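Asks: This is the structure I have questions about; it appears just below.
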């Protein structure tokens with residue numbers, strides 16, 4: 001049932017390609033690496049939220065909605081850091097996130113400022129959706145019961161962030177334009193995922 005259930009979860013999140021179910025088995029063999037990568041993902045998410053507030057400070061809803069998101073993401077970063085410390089581990093050097101880099105390469109350059117805002121919001125939504133899907137897999141199928149609960153909380157949070165970024169795009173831009181661009185990004189993201197090597201030391 002694992003594959004069928006995940007396909008349904010992926011549909012709800014707007015993703016076109018589910019994660020290979022073998023990912024959880026690979027990831028839990030190097031959970032220390034996953035936790036380290038997860039910490040950097042949360043740090044980058046907080047940084048992106050701040051960047052969007054700075055770039056679009058005249059958009060009051062973005063400022064109001066993303067300010068608490070930044071605080072939550074930084075709280076997540078601290079929580080994962082604590083988990084690393086409890087395991088006698090250090091954060092270490094930042095890793096290059098090939099998935100996020102590839103997504104940013106799909107962003108359209110030029111156009112109006114509002115169009116660029118849409119690009120940032122939809123890429124952010126995509127990252128949150130994929131993170132949510134991965135956290136869901138860990139919360140359901142990781143053998144460690146503590147980590148199941150740990151990642152369930154992150155899954156719920158990422159689902160809310162995914163919806164928030166999409167809703168902000170729809171608030172500021174025409175619904176048809178958002179839907180069209182989101183569909184294009186979903187296809188591009190699935191192609192990125194299909195080309196990436198399945199590895200258990202990365203969240204994405």
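No value in this document is a laboratory result; all are computed from the given coordinates. A quick note: this is a predicted structure, and the numbers were derived from the prediction, not measured. Backbone-built Cβ (ideal geometry, glycine too); neighbour counts: all protein chains shown.
Asks: Counting other beta carbons within 10 Å of each residue's own, what order do 76, 152 fall into, fewest first?
Replies: The most exposed by this proxy come first: 152, 76.
Asks: Could you calculate the FRET efficiency of residue 177 with residue 26 from 1/(1 + (r/R0)^6), where r is the beta carbon distance between them and R0 is 30 Å, rounded to 0.05?
Replies: 0.20
Asks: Would you list 197, 67, 19, 36 from fewest to most Cβ contacts within 10 Å?
Replies: Starting with the residue having the fewest Cβ neighbours, the order is 197, 67, 19, 36.
Asks: Show me, bin by bin at 10 Å from 0, the whole-percent P(r) of segment 28-74 based on Cα pairs.
Replies: Calculated P(r), rounded to whole percents: 28, 39, 20, 11, 2.
Asks: Next question, about the same structure. Taking Cα atoms, how many degrees apart are the long axis of helix 60-86 and the longest axis of the chain, rounded to 10 and kept between 0 and 90?
Replies: Long axis of 60-86 versus the principal axis of the chain: about 10 degrees.
Asks: Ok, one more. Once each part is reduced to its C-alpha centroid, what is the distance from segment 142-170 to segment 71-100 in angstrom?
Replies: Spelled out, the Cα-based centre of one part sits 16 Å from the other.
Asks: Relative to the longest principal axis of the chain, what angle (0 to 90°, nearest 10) does the C-alpha long axis of helix 31-55 take?
Replies: 20 degrees
Asks: In addition: Treat each spin label as a single point 7 Å out from the Cα along the C-beta direction, and report the residue 113 to residue 163 distance in nm.
Replies: Label at residue 113, label at residue 163, 3.1 nm between them.
Asks: Once both axes come from the Cα atoms, what is the angle between helix 145-172 and the longest principal axis of the chain, in degrees from 0 to 90, rounded to 10?
Replies: 10 degrees
Asks: Considering the Cα positions of segment 38-139, please state its Rg to one decimal place and its Dmax as a whole number of Å.
Replies: 15.0, 49
Asks: If you stretched the chain out fully between residue 199 and residue 55, how much longer would it get, using 0.36 nm times the residue separation minus the C-alpha to C-alpha distance?
Replies: Numbers: separation 144, 0.36 × 144 = 51.84 nm, distance 3.39 nm.
The span from residue 199 to residue 55 would gain 48.4 nm if fully extended.
Asks: Give me the one-decimal nm value for the distance between modelled label points at residue 184 and residue 156, 7 Å along each residue's Cα-to-Cβ direction.
Replies: 3.7 nm
Asks: How would 198, 122 line up from fewest to most surrounding beta-carbon atoms within 10 angstrom? Don't jump to the answer; show the numbers that get you there.
Replies: Working: 198 12, 122 24.
If I rank by nearby Cβ atoms, fewest first, I get 198, 122.
Asks: Please give the peptides 38-46, 105-113, 138-146 ranked by average Cβ packing (other Cβ atoms within 10 Å per residue), highest first, as a rough proxy for protection.
Replies: 38-46, 138-146, 105-113
Asks: Before rounding to the nearest 500, sum -39500 (n - 2.57) across all DSSP H runs of length at least 4 in the chain and divide by the residue total; then give [θ] at 222 nm in deg cm²/dmol.
Replies: For the chain, the value works out to -26000 deg cm²/dmol.
Asks: Could you tell me how far the Cα centroid of segment 113-130 sits from the Cα centroid of segment 10-67, in Å?
Replies: One Cα centre to the other: 12 Å.
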